[in-house]
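The values are calculated or read from the model by the stated rules, or taken from the named source; none is laboratory data. The structure presented is a predicted model; accordingly, all values stated were derived computationally and were not measured. Cβ placement follows ideal geometry from the backbone for every residue including glycine, while neighbour counts extend to all protein chains displayed. Quick note on the areas: whole protein, heavy atoms, side chains included, nothing else; ligands and nucleic acids left out. Shrake-Rupley method; radii C 1.70, N 1.55, O 1.52, S 1.80 Å.
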Amino acid sequence: MAFVALLYLVELVDVALPLELDRYGIEARSLDGLDGVVWAPLLHDGWAHVFANTWPVAVFAFLAMAGGFGQWVVVTATIWVVGGLGVWLTSADDTVTVGASGLAFGWLAFLLVRGVFSRSVAQLAVAVVLFALWGGMLWGVFPGTPGVSWQGHLFGAAGGVLAAWLVARKGRSARPAAPKGAPGNLGA
């Protein structure tokens, strides 16, 4: 909820002061616009944009935090960077992209695939429920709606898949190895 509150606070400042914060979003393939990778998820093109992102961001961020705050930070940072760089590389010339929907798509993708990588039945069950409730949102990774960054959605989701793989890989390496000669260990 603190992250959602931050989004509202940033939009309030943007509306109340003549700062035009949205210009600090991701400007495609411009070195000056590369710093937008850092700022874009915090910026929105008006209240309707913030409202549209509120529930997906709140729900998916909360569920992604189930593995702990530290893991959530790593997952979020992975999505943030992969999504932002993907937008920077692939968006149309002379566009500036803002919004947290790339994070929402990334967290959703993370939640949908982490059970596959970690081989967790409980996480797969959560994924099935999430897909039933929010799966239609995934159409947003395809071009179609003018003014909506499908690139942010697509690369945010790609960042979520990468984050799920990284988390599962770290989880497997943190498990103790089976003793030699134990079932499942072919060592002699």
Compute the acute angle (0 to 90°) between the alpha-carbon long axis of helix 150-174 and the principal axis of greatest extent of the alpha-carbon atoms of the chain; round to the nearest 10°.
30 degrees
Compare the peptides 136-146, 26-36 by average per-residue count of other Cβ atoms within 10 angstrom and give them in order, highest first.
26-36, 136-146
Gain in length, Val15 to Thr54, computed as 0.36 nm per residue apart minus the alpha-carbon separation, to one decimal in nm?
12.3 nm
What order, most packed first, do the peptides 92-101, 51-60 have when packing is the mean number of other Cβ atoms within 10 Å of each residue?
92-101, 51-60
Per residue, accessible area of the range 88-127 with a 1.4 Å probe, heavy atoms of protein chains only, in Å², comes to 42 Å²
D for the chain, whole µm²/s, Stokes-Einstein with Kirkwood Rh over alpha-carbon pairs at 4 °C and 1.567 mPa s: what number?
74 µm²/s
Taking the Cα centroid of the range 15-32 and of the range 60-124, what is the distance between the two, rounded to the nearest whole Å?
22 Å
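What full-extension length gain, to one decimal in nm, is calculated for Arg23 and Ala77 as 0.36 nm per residue of separation minus the Cα-Cα distance? Write down the numbers at each step before the final one.
On the way: separation 54, 0.36 × 54 = 19.44 nm, distance 2.19 nm.
Length gained between Arg23 and Ala77: 17.2 nm.
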For the range 18-95, shape from the Cα gyration tensor axes a ≥ b ≥ c, cut at a/c of 1.5 then a/b versus b/c, turns out oblate
Size of the dipole of the chain about the Cα centre, Lys and Arg at +1 and Asp and Glu at -1 on the beta carbon, nothing else charged, in debye to 20?
1460 debye
Could you work out the relative contact order of the chain? I mean the mean sequence separation of Cα pairs under 8 Å and 6+ apart, divided by the number of residues, in percent.
24 percent
Compute the Cα gyration tensor for the range 79-175, then decide on rounded, prolate or oblate, letting a ≥ b ≥ c be the square roots of its eigenvalues: rounded whenever a/c is under 1.5, prolate when a/b is larger than b/c in the other cases, and oblate in all that remain.
oblate
